[in-house]
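As structure tokens, the structure follows; a few thoughts come after it.
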Amino acid sequence: MDGREVVEWLLSAIESGKASECRTILRFAEQDLYDRFQHTLQAALPLYPQLGCIRRLDVIPAMICPLPRATEVPPAFRNWLSLENDQAVQLQALPSGTIVNERGIPWGVRHIGAPSAWSRTTGNRVKVGVIDTGVDFGHPDLRHSLERGINLLHRMELPQDDNGHGTHIAGTIAAANQHQGMIGVAPRAQIHPIKAFDYNGTAYVSDIILGIEWCVRNGIDVVNMSFGMKTRSRSLYAAVNSAFRSGVLIVASSGNDGRNGSIDYPARYSHTIAVGATTRQGRIAGFTNRSGLIDVYAPGERIVSAWLRGKHREMSGTSMATSHVTGAVALLLALKPRLLPGQIKNIIQRSVIPLKNSKTPRSAGELSVTRMMRLVDLL
């Protein structure tokens, strides 16, 4: 089997059913075959421009292909290729709360003990990827924290937020405007917004994988992924594992369905930090999914953070909890930049505060930056 045979099959499939196209991820079992296919595809493009709709996913390796829904991998190729539906993914937040005028340090940032660490670490120069709806580049609380990032929906444009969710996440992680606005967990961290979600808060798995790939290539240290899906994606799993092996840690939200014993993907993958939400009282929030697969809980109820057009909004969800943990990882990495993803996950798990009245067996505890700093001093 060579790259030419794969190109011929894809060309035939694309030409046979344009009316019923759907987004599909074509994964290659071996890197060598993927490389041969890429070489053959580039040579065929001038003759068959319809192949230009195929996009690369080098981090897996795989391709994004618009194929008819009934398309199957030919029997002769099944040891080498597999197809996966390019699923839609939703952000993890409850319906938006009210616009507020609160200033200073939000309760969640105080609750996890972040201010007690700022004399030692503020997340200085740690690169944080936020795969989300983009950010409000004009927000005064974020102007010192933002890098350009990337817009995967419109490549020539800034990843400008048209939803609000990504701005809220970025604010909790690294806002730095304490006197006129708010301050986040790691106010000197660098936010690299990766816009994969549209104004409705929807993205495709392939765009999330492209976002992970961009983070790996650009030396991002930690990635916030405040979204979830109910079904497992082999392609996303492979991308998460690839990032982990490359030294990029992913922090993911458990979901807001109030389920006990099950959490959403990608938080369910072992190579992420899975986050549940707590209340001001240090109890598990009623809306959060929870199970023994959660690594840490963090504030997620009525969290005030940055919003569109320079405003602030109160929101609840495991998304909000996840951004607290991502900020804490940035504080840790600024202090100990050589820590590997597995080591960071272990430090966070070992430094938690036990939850109040938890009925979940083998339950993780609540994030504590204070305990985290004490533990890292012993390493």
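The values are calculated or read from the model by the stated rules, or taken from the named source; none is laboratory data. Since we're looking at a predicted model, the values are computed, not measured. Here Cβ is always computed from backbone atoms with ideal geometry, including for glycine, and neighbour counts include all displayed protein chains.
Quick one: which residue in Gly97, Gly123, Gly138 is touching an Asp or Glu at 6+ places or on another chain (Cβ under 9 Å) and either assigned to a loop (DSSP other than H, G, I, E, B) or not assigned by TED's automatic domain parsing to the domain that holds Ile194 (or both)? Working first, answer last.
Working: Gly123 fails: touching an Asp or Glu at 6+ places or on another chain (Cβ under 9 Å); Gly138 fails: touching an Asp or Glu at 6+ places or on another chain (Cβ under 9 Å).
The conditions single out Gly97.
Starting from region 90-116, keep only residues that are at positive phi and of a type outside the set (Val, Ile, Thr), then list their pairs with residues that are modelled with pLDDT of 90 or more and surrounded by fewer than 18 Cβ atoms within 10 Å (Cβ to Cβ) whose Cβ atoms are within a distance under 7 Å, requiring at least 6 positions of separation or different chains.
Gly113/Thr370
Please specify each residue of region 97-152 satisfying the condition of being at pLDDT 95 or above and acidic (Asp, Glu).
Those that are at pLDDT 95 or above and acidic (Asp, Glu): Asp132, Asp136, Asp141, Glu147.
When you look at Met315, is it in contact with a helix residue (DSSP H, G or I) (Cβ under 7 Å, 6 or more places away or on another chain) and over 27 Å from Ala243 (Cα atoms), yes or no? Write out each step before concluding.
Details: in contact with a helix residue (DSSP H, G or I) (Cβ under 7 Å, 6 or more places away or on another chain): yes; over 27 Å from Ala243 (Cα atoms): yes.
So Met315 fits the description; yes.
Within region 163-174, does at least one residue satisfy the condition of being at negative phi and over 18 Å from the mean Cα position of the chain (by Cα)? It would help to see each step written out before you state the result.
Our first condition is that a residue be at negative phi; within region 163-174, this holds for 163, 165-174.
Now drop any that are not over 18 Å from the mean Cα position of the chain (by Cα), which leaves none.
Checked against the condition, which is being at negative phi and over 18 Å from the mean Cα position of the chain (by Cα), region 163-174 yields no hits at all.
How many residues are within 20 Å of the chain's Cα centre (by Cα), part of a strand (DSSP E or B) and of a type in the set (Val, Ile, Thr) when one looks only at region 279-310?
Of the residues in region 279-310, 2 are within 20 Å of the chain's Cα centre (by Cα), part of a strand (DSSP E or B) and of a type in the set (Val, Ile, Thr).
What do you reckon, is Ile191 at pLDDT 95 or above and not in a helix (DSSP H, G or I)?
Numbers: at pLDDT 95 or above: yes; not in a helix (DSSP H, G or I): yes.
Criteria met by Ile191.
How about region 166-202: which of its residues are touching a Ser or Thr at 6+ places or on another chain (Cβ under 6 Å), surrounded by fewer than 24 Cβ atoms within 10 Å (Cβ to Cβ) and either closer than 19 Å to Leu94 by Cα or charged (D, E, K, R) (or both)?
Arg188
Rundown of residues vs (1) modelled with pLDDT under 95; (2) surrounded by 24 or more Cβ atoms within 10 Å (Cβ to Cβ); (3) of a type in the set (A, V, I, L, M), yes/no style:
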{"residue": "Asn260", "(1), (2), (3)": "yes, no, no"}
{"residue": "Asp264", "(1), (2), (3)": "no, yes, no"}
{"residue": "Ala267", "(1), (2), (3)": "no, yes, yes"}
{"residue": "Gln281", "(1), (2), (3)": "yes, no, no"}
{"residue": "Arg290", "(1), (2), (3)": "yes, yes, no"}
{"residue": "Ala298", "(1), (2), (3)": "no, yes, yes"}
{"residue": "Val304", "(1), (2), (3)": "no, yes, yes"}
{"residue": "Leu308", "(1), (2), (3)": "no, no, yes"}
{"residue": "Thr318", "(1), (2), (3)": "no, yes, no"}
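Out of the residues in region 322-364 meeting the condition of being modelled with pLDDT of 95 or more and small (Gly, Ala, Ser), tell me which one is nearest to the chain's Cα centre (by Cα).
Ser323
When region 222-266 is examined, which residues are found to be among the small types (Gly, Ala, Ser), touching a residue at least 60 places away in the same chain (Cβ under 8 Å) and assigned to a loop (DSSP other than H, G, I, E, B)?
Ser226, Ser233, Gly247, Ser254, Gly255
For region 42-87, name all the residues that are outside any strand (DSSP E or B) and charged (D, E, K, R).
Asp58, Arg69, Glu72, Arg78, Asp86
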